[in-house]
Every structure is written in C-alpha cells, then in structure tokens.
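Worksheet: one structure, shown below.
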Amino acid sequence: MSRPENITSFKALQLWRAIPQQYRDKLVRNVFCGNCGGAVEIVDYSIREEKFALLLTGKCRTCGKPVARVVENE
Ligand SMILES: [Zn+2]
C-alpha cells in the first residue's frame, strides 16, 4: 500500500483546477501552521485526491515546516 508522496495526479490536478481561481488563492493563503500558530500561505505544495476531498501538502511560507490543507469537494 505504498503511494508516492508529493506527486500530483492528473485527476487531482483537474479537480483542483476546476475550483475557481479566486477560491484557490484563498485556500492556499489560509492554511493552518501549528508551528506559527495561525493561518499561513502554503508553498511548494502538491495535490492528492482523497476519498471525499483534495489534500494539499506542502510547506509553510513563513517557517518552512510541513503543512497540509484538506479541500472538501462541494
Ligand atoms: Zn509556519
């Protein structure tokens, strides 16, 4: 059951791109970082398709620690 991490699948990318740009920008700039203790921007992120959501995994722009954000399909 090993799936490669940090690889954006074509399907996940399609789903991500189907989200309006304005909303995507908002999501990317509003990711919780436990290290910074607040909302930060995610950088160097990849997108994965989960069962009912997309999962963004990347790094905090402020401190560089790993952060993740779930984007529920609506
Ligand atoms: Zn941080």
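Tabulated data
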item: Distant alpha-carbon pairs in the range 10-72 (separation over 14 angstrom), percent; result: 52
item: Amide H partners (placed H, <5 Å) of PHE32, local residues excluded; result: VAL40
item: Computed over the range 10-72: relative contact order in percent, which uses C-alpha pairs under 8 Å that are six or more apart; result: 27
item: Using θ = phi - 60° and Karplus 6.51 cos²θ - 1.76 cosθ + 1.60, couplings along the range 46-60 (whole Hz; Gly, Pro as x); result: 10, 10, 10, 9, 9, 4, 10, 7, 9, 10, 9, 10, x, 10, 5
item: Amide hydrogen neighbours beyond the local backbone of TYR45, cut-off 5 Å, H modeled; result: LYS59
item: Approximate spin-label separation GLU72-LYS11, in nm, with each point projected 7 Å along Cα-to-Cβ; result: 2.1
item: Point-to-point label distance, PHE52-PHE32, nm (Cα→Cβ direction, 7 Å offset); result: 1.8
item: Rounded to the nearest 20 debye, dipole of the chain from Cβ charges on Lys, Arg, Asp, Glu; result: 100
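Read the figures in this text as sums done on the coordinates, not as results from a lab. Predicted model only: the values in this text are computed from it and were never measured. Ideal geometry is used to build each Cβ from the backbone, glycine not excepted, and the neighbour counts take in all protein chains shown.
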